[in-house]
Amino acid sequence: MEGRRMNQVPLFSSARELGNLIVTSNPIDSALTKILELQRDQTALLSPVQYRVFYPSPKCTIVAFVSSPDCTQNPLPGQGDLVPSPLFDFLCTEEYKSVSINRAALTLFTSLHNHLSGLKTQLTGIEGQLIITGHSLGGSVASLFTLCLLDGNLLKPKCRPFCITFGSPLIGGFGLQHSTWNSFFLHVVSNQDPVPGLFLPSGRGRSTPTSSHSQTTGYKPFGTYLLCSELGCACFENPDLILGLLKVISSEVAGGLQDVDYGEILRNLKERAICKGLQQVGKRFADPFTAGIIMDLEIIGFDQTKLLQHNIDIETVISTMGEEAKNPTKKNKAFDAKILNYKKKDMAGLEWYKKKSKDTNNGYYDCFKNWCSENQDNERDSKRGNHIERSRERRKAEDMQIKRDSKRENHIVVLSESLKVYWEDMVAQVQRKPQKEGATFRTRWLYAGTVYRRMVEPLDIAAFYGEGGTDYINNGRSLHYKLLQQWYEEDVKPPSKDKLASKKQKVSGILTEDSCFWAHVEEAILSCELLKSENCTLEQEKSSWDNLVKFEEYVMEQINNYAVSPEIFLGESSFMKWWGLYEGYICTRSNSHRSPLISFMKNGGYAEYL
């Protein structure tokens with residue numbers, strides 16, 4: 001009964017509760033206070049954007065940016081365009097090869113670049129809370145400056161910047177919401193302020209100060225958005241939902257780019273949050289979670305009718321926020337040692353299978369390949385209705401063996417698939433992160449990822465060729481294997497003589513280092529079979545022979561570097577099958593051919609390798 005009660009606890013939306021918590025917190029109040037102070041002291045700004053450093057307490061530093069009203073009220077043609085900037089190349093990811101920044105924000109930031117370089121040096125010595133804040137385009141400059149601080153890693157370990165903007169337009173389209181830096185940004189937006197949607201195409205045809213529609217579609221919000229109205233506020237983190245709401249605000253607000261008093265807005269919100277005077281509309285709905293979301297949207301001025309007018313489906317909004325509530329860990333996954341340790345248990349299961357496979361004289365790779373081939377044959381026979389007549393005793397014994405083998409092999413499939421899902425996700429995270437951050441992230445688990453690749457990819461190769469595939473490297477290899485190998489090769493150093501001697505002593509227990517080794521073996525077998533075929537053309541003969549010579553050189557290099565497992569020399573392995581075909585071919589067709597590998601195999605050198 002207790003368990004059932006736990007399962008029946010309804011979901012609830014925390015957007016409004018989080019919003020109320022934020023507006024009553026000191027950082028947001030302190031940030032806006034310093035912005036207003038800077039604006040009062042500099043009513044006639046001498047430049048388009050200015051900043052000042054404040055020290056409200058020994059453990060708090062605030063850097064405030066304000067821009068001239070002319071920057072937004074009288075926009076220049078093209079200032080909403082997204083343009084590349086080498087200053088922010090550190091934000092490039094595997095997924096986003098280039099970075100584009102809003103032209104207006106970039107121009108203002110560049111005009112202060114020399115001053116901000118000195119400011120970064122000044123901030124390296126501070127401790128405690130560091131708030132970077134700004135209003136309108138000043139907020140855009142504050143965001144860019146915060147990104148530079150996060151990249152430089154110049155601040156003391158206990159000092160992490162937090163950026164709070166008020167009425168700031170979007171600054172770029174590089175999908176920064178995938179980064180762990182996402183949590184360092186809070187953007188406060190009034191539903192009466194069109195500036196945050198300044199560079200977005202309007203749903204009602206409202207003109208925008210951009211040169212073309214196509215140049216605005218790449219904008220992407222990042223960070224947490226606190227959307228405010230006269231009735232209340234709510235927080236949102238989903239970038240697509242935020243983008244849709246900003247477009248609604250941009251098209252609904254009439255009368256040009258008028259100033260919005262964020263000071264008055266926050267004062268009203270703080271009073272409402274403290275007095276808890278919000279209207280409760282959830283009683284109208286059977287589902288408290290749905291009621292909470294609809295209430296959050298209505299409080300900030302987005303009722304269902306208005307959303308529908310702008311082609312925003314309320315059911316999609318509810319579904320999106322529901323998924324985020326159920327899976328909060330998906331927002332910004334960091335490296336989790338506990339999960340990796342759990343995955344090591346799956347790896348241990350594969351290690352057990354590898355050891356057991358040696359007893360069959362086939363080896364790890366071929367045991368799994370033979371099982372895949374048998375499964376394929378059984379399925380084919382079943383479809384054709386070909387059932388071989390067998391005695392009752394023999395049929396029973398064979399069926400029991402097949403059941404035992406299938407149970408073992410099926411367990412290996414489950415383990416390998418679980419590992420693949422985990423590592424594909426880890427690789428995808430690196431691709432989405434800025435380059436420096438991604439490199440640091442992957443370094444922490446690259447060794448474990450390499451062991452995984454060497455253990456699991458041979459199983460994929462076995463399944464691929466066991467089911468009749470050809471050219472695995474070009475036709476069957478997963479991207480995450482390619483990237484794991486690429487990153488490993490970028491980090492690895494050539495082995496020294498001492499290291500080679502150490503590898504020689506431990507060779508009996510190693511995994512084959514090239515996880516595609518068996519794919520090369522399978523292609524070599526296919527080349528041998530083609531050479532023996534009566535239908536082989538002269539062109540095919542030359543191509544196959546060239547491939548086999550290259551394969552010889554490749555295998556000998558692996559052996560000399562002690563980079564292959566001794567199990568490749570087991571009597572029933574695919575490698576020994578290849579050697580039997582190849583040795584027969586060179587004896588009958590090309591007796592003059594000599595090579596280090598041929599000498600190694602014919603002289604029994606592999607016996608010493610074992």
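Calculate the FRET efficiency for Ser111 and Lys158 from the Cβ-Cβ distance with a Förster distance of 45 Å, rounded to the nearest 0.05. Efficiency computed from Cβ-Cβ geometry: 0.90.
Given the Cα-Cα distance of Tyr609 and Glu572 and 0.36 nm per residue of separation, how much length would full extension add, in nm?
Value of the extension gain: 11.6 nm.
With contacts taken as Cα pairs under 8 Å at a separation of at least 6 residues, region 51-105 carries a relative contact order of 27 percent. Shown is the FRET efficiency for Glu534 and Glu467, computed with R0 = 22 Å from the Cβ-Cβ distance and rounded to the nearest 0.05: 0.25.
Summarising the amide proton neighbourhood of Ile101: residues at separation of 5 or more, or on other chains, whose placed amide H is nearer than 5 Å comprise Val83, Ser85. Sorting the segments 239-245, 350-356, 122-128, 296-302 by their residues' average number of neighbouring beta-carbon atoms within 10 angstrom, most packed first, yields 296-302, 239-245, 350-356, 122-128.
When a/c reaches 1.5 or more, the comparison of a/b and b/c decides; with that in mind, is region 497-546 rounded, prolate or oblate per its Cα gyration tensor? Let's see the in-between values first.
Details: a/c = 4.48, a/b = 3.19, b/c = 1.40.
In terms of gyration-tensor shape, prolate.
With a simple spin-label model that places each label point 7 Å from the Cα along the Cα-to-Cβ direction, the separation between Val421 and Ala439 comes to 3.3 nm. Computed from backbone phi with θ = phi - 60° and the Karplus coefficients 6.51, -1.76 and 1.60, the 3J(HN,Hα) list for region 304-318 is 5, 5, 5, 4, 5, 4, 9, 6, 10, 7, 5, 5, 5, 4, 4 Hz; x is used for glycine and proline.
Mind running the shape call on region 94-196? Use the C-alpha gyration tensor, a ≥ b ≥ c as the square roots of the eigenvalues: rounded below 1.5 for a/c, prolate if a/b tops b/c, oblate otherwise. Here region 94-196 falls in the rounded category. Stretched out straight at 0.36 nm per residue, the stretch from His310 to Asn560 would grow longer than its current Cα-Cα span by 83.3 nm.
With a cut-off of 8 Å between alpha carbons and a minimum separation of six or more residues, what is the relative contact order of region 454-610 in percent? Mind showing how you got there, number by number?
Working: 109 pairs, mean separation 41.5, N = 157.
Across region 454-610, relative contact order equals 26 percent.
For Ser190, the residues whose amide H sits under 5 Å from its own are Gly167, Cys228, ignoring neighbours fewer than 5 places away on the same chain, with H placed 1.01 Å from N. Counting Cα-Cα pairs of region 517-582 in 5 Å increments starting at 0 gives whole-percent bin shares of 3, 18, 27, 24, 15, 8, 4, 1.
At 1.567 mPa s and 4 °C, plugging the Kirkwood radius over alpha-carbon pairs of region 463-520 into Stokes-Einstein gives what diffusion coefficient in µm²/s? Intermediate results must be reported in sequence, preceding the final value.
Working: Rh = 13.7 Å.
In µm²/s, the coefficient is 94.
Estimated from the Cβ-Cβ distance and a Förster radius of 56 angstrom, the FRET efficiency linking Ser183 and Lys355 is about 0.80. Taking the protein heavy atoms of region 59-130 in the context of the full set of protein chains, the accessible area attributed to carbon and sulfur is 54 percent at 1.4 Å.
Full extension of the chain between Leu119 and Lys506 gives 133.9 nm of extra length, using 0.36 nm per residue less the Cα-Cα distance.
Amide hydrogen proximity for Gly80: with H placed 1.01 Å from N in the peptide plane, the residues at 5 or more positions away or on another chain lying under 5 Å are Ser211. Distance between the 7 Å Cα→Cβ label points at Lys97 and Val413: 3.8 nm.
The values are calculated or read from the model by the stated rules, or taken from the named source; none is laboratory data. Given the structure is predicted, the values throughout are model-derived calculations rather than measurements. As a convention, Cβ positions derive from the backbone with ideal geometry for all residues, glycine included, and neighbour counts pool all protein chains shown. Heavy atoms of the whole protein, side chains included, go into the accessibility calculation; ligands, DNA and RNA do not. Shrake-Rupley method; radii C 1.70, N 1.55, O 1.52, S 1.80 Å.
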